[in-house]
Amino acid sequence: SGRNVSFDWLLGIGILLTALIVAYIKVRSTNHSAWIPTFFFMTGINIVEIIGVLQIGVDSATVFIVIPLMACNAFQILMLNRILKPISA
């Protein structure tokens, strides 16, 4: 097939770095117990969502779908604690 192996490595490293950065920001805005769930969401869930894009086999299409997907998921996980603030009685 015409897949570029170096692109696949860059994609994997990009997902890993994004997950680490988002998990770090989440821990700074909440507490240390948020590290593992945030890292899992940003790696595991994003990879599951990206599988369909990888089947296309076009690197440029993958970039145009993966970047907004990662940005939306990062925004979602970082805003979750603000949306679900406990209501003080």
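The values are calculated or read from the model by the stated rules, or taken from the named source; none is laboratory data. In this text the structure is predicted, and so the values were computed from the model without any measurement. Cβ atoms come from the backbone with ideal geometry, glycine included; neighbour counts cover every protein chain shown. Ligands, DNA and RNA are stripped out before the accessible areas are found, and what is left, the full protein with its side chains, is counted by its heavy atoms. Shrake-Rupley method; radii C 1.70, N 1.55, O 1.52, S 1.80 Å.
When the residues of segment 54-89 are filtered to those that are small (Gly, Ala, Ser) and open to solvent by 70 Å² or more (accessible area, probe 1.4 Å), which remaining residue is farthest from TYR24 (Cα to Cα)? Step by step, filter segment 54-89, then rank; the result is ALA89. Screening segment 12-40 for residues that are open to solvent by less than 40 Å² (accessible area, probe 1.4 Å) and of a type in the set (A, V, I, L, M, F, W, C) and picking the one that is nearest to PRO86 (Cα to Cα) gives ALA34.
Out of (1) closer than 18 Å to ASP8 by Cβ; (2) open to solvent by less than 60 Å² (accessible area, probe 1.4 Å), what's the single condition that is false for ILE45? Of everything listed in (1) closer than 18 Å to ASP8 by Cβ; (2) open to solvent by less than 60 Å² (accessible area, probe 1.4 Å), ILE45 misses just condition (1).
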